[in-house]
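Peer 1: A single structure is presented below for examination.
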Amino acid sequence: MRKGKNVKLIIATIKPFKLEEVREALTSAGVRGMMVSEIKGFGSQSGHTEIYRGAEYAVNFVPKVKLEIVVQDSMADQVVNTIATTAKTDKIGDGKIFVLDVESALRVRTGETNDDAL
């Protein structure tokens, strides 16, 4: 199942209100699909406190959106740059981007593999 070109998995966590803007930018850059999950997490900001009905509560996890995008190796840098510039607010919690090698990909309907499966 190794025929075809190499593909990369890009995992990005971003602020939820940036999702539509990032999606539009990625579509314009040629990304043909992505998976989106609502997640909670923390990084450098390690949670914060909020006041609700007069009581202070610790918020240990911050809402985020996780994008999972599989692209041809040649597109990976462009996709990372597009996400980074579009999701950036210059405030803590803008997110993280990880790029991993994908060993194989398969389109279930047709049996196409790797970059042909995208």
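The values are calculated or read from the model by the stated rules, or taken from the named source; none is laboratory data. Note that this is a predicted model, so its numbers are computed, not measured. Quick reminder, even Gly has a Cβ in these numbers, built from the backbone with ideal geometry, and neighbours come from all protein chains shown. Protein only, heavy atoms only, side chains kept; ligands, DNA and RNA dropped before computing areas. Shrake-Rupley method; radii C 1.70, N 1.55, O 1.52, S 1.80 Å.
Peer 1: Taking the residues in the stretch 39-60 that are more than 22 Å from Phe17 (Cα to Cα) and part of a loop (DSSP other than H, G, I, E, B) as candidates, determine which candidate is modelled with the highest pLDDT.
Peer 2: Going through the qualifying residues, I end up with Gly54.
Peer 1: Let me ask another. Looking at the stretch 78-102, which of the residues that are modelled with pLDDT of 95 or more, open to solvent by less than 30 Å² (accessible area, probe 1.4 Å) and in contact with a strand residue (DSSP E or B) (Cβ under 9 Å, 6 or more places away or on another chain) is nearest to Val7 (Cα to Cα)?
Peer 2: Val79
Peer 1: Could you please tell me which pairs satisfy a Cβ distance under 8 Å, a separation of 6+ or placement on different chains, a first residue in the stretch 2-26 that is modelled with pLDDT of 95 or more, and a second residue that is outside any loop (DSSP other than H, G, I, E, B) and aromatic (Phe, Trp, Tyr)?
Peer 2: Listed pairs, sorted by first residue: Ile10/Phe98; Ile11/Phe98; Ala12/Phe98.
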